[in-house]
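What follows is a single structure, written as structure tokens, with notes after it.
The values are calculated or read from the model by the stated rules, or taken from the named source; none is laboratory data. Remember, it's a predicted structure, so these values are computed and weren't measured experimentally. A quick note on method: Cβ atoms are made from the backbone with ideal geometry, for glycine too, and the neighbour counts reach across all protein chains shown. We work out accessible area using only protein heavy atoms, side chains counted, and drop any ligands, DNA or RNA first. Shrake-Rupley method; radii C 1.70, N 1.55, O 1.52, S 1.80 Å.
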Amino acid sequence: MRSQSVPLAERLRGARRSLAIGPAFVFLGFLALVLLMGGSARGDVASLLLIRPMAALVLTYGLWQLFAAKARGDGPSGLRFLIVAVAAIVVLAAIQLIPLPPSIWANLPGRAPLVAGHDAAQIVLAWQPLSVTPMATINALGALLVPFAVLVLFAAVDDKARGNAVLIVGVFVGMSAVIAVFQSLVPGSSALHFYRVTNEDAPVGLFANRNHHAVMLAATIPLILAIMAQFGKAKLAWMGGVAPSCVVGLCMVGLAVMTGSRAGAALSIAAFALTVPMFAYAKLSTQSGVRNWRRKRWALILSPIAIVLIVVAVFLIGGGAAFERIAAKDSFGDLRFQILPDILAMIAQSTPLGWGMGSFPEVYEIYERREMIQPAYINHAHNDWLEIIIEGGLALPTIMAAIAMWTAQNVWRHRRQILRPRGDEGRVRFAGLAGAVILVAGSAFDYPLRTPSGAVVMILFLALIAAPHRGSAPS
């Protein structure tokens, strides 16, 4: 009988095809690189010397892939508006670097103190860009290329690569969580903290800042549970159960609370409280019978009680640092609230053009009150939605509002899948929406989206809402 085995030459051709450097390979490799090395929001981190040049190359390659796809009549379905909006933000940063004549620049809103300084020093005012800190704006422009490159490649790859991207994010969160556990066991160990400027006494995982790590854990709880539900239909069926999901979600909540981040603790508890009952109810609704209806009823009754017990348990096992900070009398009198009047003054005197992206630390020194002067400098407003108005004027929040409206339109279009996430597609859409909302809320208290990893995860969440990975949903 003639052998039915595949010839060696054909197998080698198949191996070469599988190893070919195509859009999926570039996309997934660059995403993994950014997630592993992009945990700091500072502009002087050594890993940026690799990430940003790679982002420029990857972006060029991704745009070439999109133009080639458009020529074939296969454009970025559902993501065109988001690509244009992110490109507009990049263009805005570039416009802020265009030099202006002294007569125009001196009359821009908020520039009077700087003009007075030039006059006092008897320095002739030369052509100046709109940004008062051009080098910081160049740094911001480089930072924007990273999520833009990920978005363009996301639009260029197929559904299989998009699904693998979701798995890579899950692996990244898992690695960060494991490292955070070891950091908790050996506090203050420099070998387990990967950035020079970091919270050495807190479990920060692959990040430099405990708040950023906690918010990322909270934002990815729905995504991790969606991944578990997807695996649950294969040989690892036990992973798709409610009990394993509760255990994993509880571990992530516990790690977020252990960081001592108030916003991260509250957002992780909210993510867990919303996701587990919704996924459990959606799974039970696919089954029939009176017994299952009783399960639904008990699930709805017991879920709030279980969440309260979980919070108490986390507090009792020693993760109450965040709760202690919340209960402190001066909790809402900390620095981010004390500098709020100065921030509002910065906005009022620079509207509608802003000071330039990345200019906050230097411009804040102009408005800093004498009683607020201290050895440590203020690097950010710790409210990104106010800081983007300071740096981008009215143009940047207008683009952000347009992205929010586009997201709301996609949520409304897929509302049935999101409200009843019975299949993989619905769960991924729900995870994208929940994760994006959590990152938006976390940005009101800190700046998690200014880290490269936070920015790419946010852009993935927005893209997944409009064009998620299509898994095999149950009939």
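So, in region 33-45, exactly how many residues are of a type outside the set (A, V, I, L, M, F, W, C) and open to solvent by 20 Å² or more (accessible area, probe 1.4 Å)?
Of the residues in that region, 3 qualify.
What residue, among those in region 46-71 that are in contact (Cβ under 8 Å) with a residue 12 or more places away in the chain and open to solvent by less than 30 Å² (accessible area, probe 1.4 Å), is farthest from Thr451 (Cα to Cα)? Don't jump to the end; show me each part of the working.
If we filter region 46-71 for residues that are in contact (Cβ under 8 Å) with a residue 12 or more places away in the chain, which is where we start, we get 48, 50-52, 54-56, 58-59, 61-63, 65-66, 69.
Applying the additional criterion that residues be open to solvent by less than 30 Å² (accessible area, probe 1.4 Å) yields 48, 51, 55, 58-59, 62, 66, 69.
On the way: Leu48: 11, Ile51: 12, Ala55: 14, Val58: 18, Leu59: 18, Gly62: 22, Leu66: 26, Ala69: 31 Å.
So the residue we want is Ala69.
When the test is whether a residue is open to solvent by 30 Å² or more (accessible area, probe 1.4 Å) and on the phi > 0 side of the Ramachandran plot, Gly188 passes it.
Somewhere in region 127-148, is a residue open to solvent by less than 30 Å² (accessible area, probe 1.4 Å), touching a His at 6+ places or on another chain (Cβ under 7 Å) and either within 26 Å of Ile465 (Cα to Cα) or at pLDDT 90 or above (or both)? No, that holds for no residue.
One residue stands out in region 374-399 among those that are of a type outside the set (A, V, I, L, M) and touching a Leu at 6+ places or on another chain (Cβ under 7 Å): the one that is farthest from Thr451 (Cα to Cα), namely Gly393.
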